[in-house]
Amino acid sequence: MFQQVSGGAKDSSKMDFIIILALVLLIIFIRRLSELFAAFASPFNIIAQVFLFGAIVAGLLMLYERRLCSYRYSIVYDPSPKTDEEGNVISAPITWKKGTFLFERMVAVKGKVIEAVQPEEFVKLIEPEKPCTDENGNAVAIPISRQSKLTNLPAKKAYKLIFRRSGRLYSIDFSPDEEFLCYVEKAMQPEAQAEQA
């Protein structure tokens, strides 16, 4: 299995210190701001406090997405169990078949598989800033309910994997490196898919 981790927390104690200091200052500022909002007339003080609460939640979600959350992409290229020189099994067989593309959301070192795309479901890999098209080159509009963003990059700078499941097109935005793209392209080639079937 070949894996790549994209985005998320970097090893920077200086940045962590700045974030903690900013959160402490934000708590002090929020307390002062909520006292100011409480002095407003009746309907406006509630509206202002709800807006402040929404801004706090949005800021924490942004911190989670940008700093704490990362993504791991995996391609299964050898699902068989690994053995040492003496024939002892040192790793269990992988439950996904060869060519399966796995997407995981990582928080710290724990990951959760968000999507597993089988090789026969692959339709197309679209480069950043290119229009979304199907296997025939026809422009397609994939509904938001069937789109996933599994990268910290903006959608315009991310690759888009298009796949078909139960007759419907789905898309995943992700940010692989060059080596990982080679594995993706190999898994998407028709002869590789025929070998895996």
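The values are calculated or read from the model by the stated rules, or taken from the named source; none is laboratory data. All of these numbers come straight from a predicted model, not from anything done at the bench. Reconstructed Cβ throughout: ideal geometry from the backbone, glycine too, with neighbour counts over all protein chains shown. Heavy atoms of the whole protein, side chains included, go into the accessibility calculation; ligands, DNA and RNA do not. Shrake-Rupley method; radii C 1.70, N 1.55, O 1.52, S 1.80 Å.
Tabulated data
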| read-out | value |
| --- | --- |
| Reciprocal of mean inverse Cα separation for the range 91-149 (Kirkwood radius, Å) | 14.1 |
| Cα-based shape type of the range 117-197, given that a ≥ b ≥ c are square roots of the gyration tensor eigenvalues and the cut on a/c is 1.5 | oblate |
| Solvent-accessible ranking of E178, E121, largest area first, probe 1.4 Å | E178, E121 |
| For T100, distant residues with modelled amide H under 5 Å away | V76 |
| Pair L60, L33: separation of 7 Å Cα→Cβ label points (nm) | 1.4 |
| The range 91-158 - charge dipole about Cα centre, Lys and Arg +1 at Cβ, Asp and Glu -1, debye rounded to 20 | 340 |
